[in-house]
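A.B. asks: I have a structure here, written as structure tokens, and I will follow up with some questions on it.
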Amino acid sequence: MRALVLRGVRDLRLEEVEEPKVSEGEVLIRVGACGICGTDLHFYRGEWRVKTPLVPGHEFSGVVEEVGPGAEWVEVGSRVVAEPNVTCGRCYYCRMEKRNFYCPNVKAVGVDVNGAFAEYVKVPAANVYRFPDWMSFEEAALIEPLACCVRGLYNVGIEPGDTVAVVGAGPVGLLMVQLAKMWGASRVYAIDLIERRLSLAKQLGADVVVNAARENPVEAVKADTGGLGVDVAIEAVGSSKAISTAIALARRGGRVLVFGVAPEEDVLAVRPFELYEKELTLVSSYRSPFTFQRAVRIASSGRIALKPIISHVFPLEKGPEAFRMLDERKEETVKVVLKP
Ligand SMILES: [Zn+2]
Ligand SMILES: [Zn+2]
């Protein structure tokens, strides 16, 4: 089958590789679409070191092509998305009351094992979820990042009526804006440097958008909140600079969600006095433990717009080009999706 193979830093090639073979409890998925995530870009740039050669791709949807022994309960032909994280079920964390992805043996499809920038990908049957017929493969490929966002919001805890600032209006920021509204936020601020993303944020429900290239976002948000700052600030960029902005945006007693995945070597400079004085709650978020089902339901409700977030759909063959385009931070890109 055809697959995109990452062989080193900025070395991604379309190659002919062997089709995955399903074993006990696994299903083979014919990939319908797979989104390029910020983490894929980190792998590509060497900002998050992964073992190569690797077929990346963890935000995918497709059709069940084959089921292994013991996975017959999954119907061949089902349109599915899949939780990419596979845990061991035996370690300390897996057997905690609330099992999560701290599992030291966690294997993530597209991170630790071959993923979905390919014609086929295999996952445990227990990791797949069906999505409705009306939803396109491209839209369904956004359910994985949506599940991560649900985890983040669960961690930070938005209360009805809260004011929320989202730093970064990329694919994740645009999901966060919509989810914050759904969670009951009374006023949502979106901050970015790119006008196209800000107009999307506005279209998707942000009440106020601030272009940080033109005005100071902290001053703008404070001016709109009676000098207070927001109840909840969400960092959706993956950089220490964006976290600093989020910390500055939060009111005294506010909550900050560090959500974006920063490069491994990035360091955050923070004034401990500010943390003390503002009595902030800082929370982070790791992947999507037990949030996939909820994310599928939210997407299936039709109350979240996924399509406008997708700026480009390319055939798998154009993958290397698509990665180059994202690497150069072309302004017109939001979510880029590949289709085998
Ligand atoms: Zn992702
Ligand atoms: Zn485990």
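The values are calculated or read from the model by the stated rules, or taken from the named source; none is laboratory data. The model shown is predicted, which means the values in this text are computed figures rather than measured ones. Here the Cβ is made from the backbone with ideal geometry for all residues, glycine too, and neighbour counts use every protein chain on show.
A.B. asks: Residue under question is Asn85, and the condition is that it be modelled with pLDDT of 95 or more, in contact with a Phe, Trp or Tyr (Cβ under 7 Å, 6 or more places away or on another chain) and within 24 Å of Tyr44 (Cα to Cα); does it hold?
C.D. replies: yes
A.B. asks: Further question on the same structure: Among the residues of region 306-325, write down those that are acidic (Asp, Glu) and without any contact (Cβ under 8 Å) to a residue 40 or more places away in the chain.
C.D. replies: Glu321 - this is the single residue of region 306-325 that is acidic (Asp, Glu) and without any contact (Cβ under 8 Å) to a residue 40 or more places away in the chain.
A.B. asks: Look at region 249-272 and say how many of its residues are among the aliphatic types (A, V, I, L, M) and more than 19 Å from Ala185 (Cβ to Cβ).
C.D. replies: So the count comes out to 6.
A.B. asks: Next question. Mind listing whichever residues of region 283-304 are among the hydrophobic types (A, V, I, L, M, F, W, C) and out of contact with any Gly (no Cβ under 9 Å at 6 or more places or on another chain)? Give the derivation first.
C.D. replies: To start, the set of residues in region 283-304 that are among the hydrophobic types (A, V, I, L, M, F, W, C) comprises 283, 290, 292, 295-296, 298-299, 304.
Of everything in region 283-304, those that are among the hydrophobic types (A, V, I, L, M, F, W, C) and out of contact with any Gly (no Cβ under 9 Å at 6 or more places or on another chain) turn out to be Phe290, Phe292, Ala295, Val296, Ile298, Ala299, Ile304.
A.B. asks: Restricting attention to region 209-227, does a residue exist that is in contact (Cβ under 8 Å) with a residue 60 or more places away in the chain and more than 26 Å from Ser311 (Cα to Cα)?
C.D. replies: The answer is yes; a qualifying residue exists.
A.B. asks: Please report, ordered by residue number, the strands (runs of 3 or more DSSP E) entirely within region 1-69 with at least 2 residues that are within 16 Å of ligand 1 (Cβ to nearest atom) and under 24 Å from the mean Cα position of the chain (by Cα).
C.D. replies: 2-8, 26-35, 59-67
A.B. asks: Do the conditions hold for Val150, that is, is it under 30 Å from Gly170 (Cα atoms) and either within 16 Å of ligand 2 (Cβ to nearest atom) or not assigned by TED's automatic domain parsing to the domain that holds Trp183 (or both)?
C.D. replies: Working: under 30 Å from Gly170 (Cα atoms): yes; either within 16 Å of ligand 2 (Cβ to nearest atom) or not assigned by TED's automatic domain parsing to the domain that holds Trp183 (or both): no.
No; evaluated as a whole, the condition is false for this residue.
A.B. asks: Can you name every one of the strands (runs of 3 or more DSSP E) wholly within region 82-167 that holds 2 or more residues which are over 20 Å from the mean Cα position of the chain (by Cα)? Outline the logic, then answer.
C.D. replies: Values: elements: 120-124, 128-130, 163-167.
Where strands (runs of 3 or more DSSP E) fall fully within region 82-167 and carry at least 2 residues being over 20 Å from the mean Cα position of the chain (by Cα), they are 120-124.
A.B. asks: Looking at region 207-222, is at least one residue touching a strand residue (DSSP E or B) at 6+ places or on another chain (Cβ under 9 Å) and on the phi > 0 side of the Ramachandran plot?
C.D. replies: Within region 207-222, not a single residue is touching a strand residue (DSSP E or B) at 6+ places or on another chain (Cβ under 9 Å) and on the phi > 0 side of the Ramachandran plot.
A.B. asks: Something else: Residues in region 28-46: is at least one aliphatic (A, V, I, L, M), within 25 Å of Arg2 (Cα to Cα), free of Cβ contacts under 8 Å to residues at least 60 places away in the same chain and more than 16 Å from ligand 2 (Cβ to nearest atom)? Let's see the steps before the verdict.
C.D. replies: Step one: list which residues in region 28-46 are aliphatic (A, V, I, L, M), which gives 28-29, 31, 33, 36, 41.
From what is left, the residues that are within 25 Å of Arg2 (Cα to Cα) are 28-29, 31, 33, 36, 41.
Next, from what is left, pick out any that are free of Cβ contacts under 8 Å to residues at least 60 places away in the same chain: none.
No.
A.B. asks: Exactly one condition in (1) modelled with pLDDT of 95 or more; (2) surrounded by fewer than 17 Cβ atoms within 10 Å (Cβ to Cβ) is not met by Glu264; state its number.
C.D. replies: In the conditions (1) modelled with pLDDT of 95 or more; (2) surrounded by fewer than 17 Cβ atoms within 10 Å (Cβ to Cβ), Glu264 misses (1) alone.
A.B. asks: Additional query: For the condition crowded, with 20+ Cβ neighbours inside 10 Å, more than 16 Å from ligand 2 (Cβ to nearest atom) and either over 27 Å from Glu328 (Cα atoms) or assigned by TED's automatic domain parsing to the domain that holds Met182 (or both), what is the one hit in Val63, Val86, Val55, Val80?
C.D. replies: Val80
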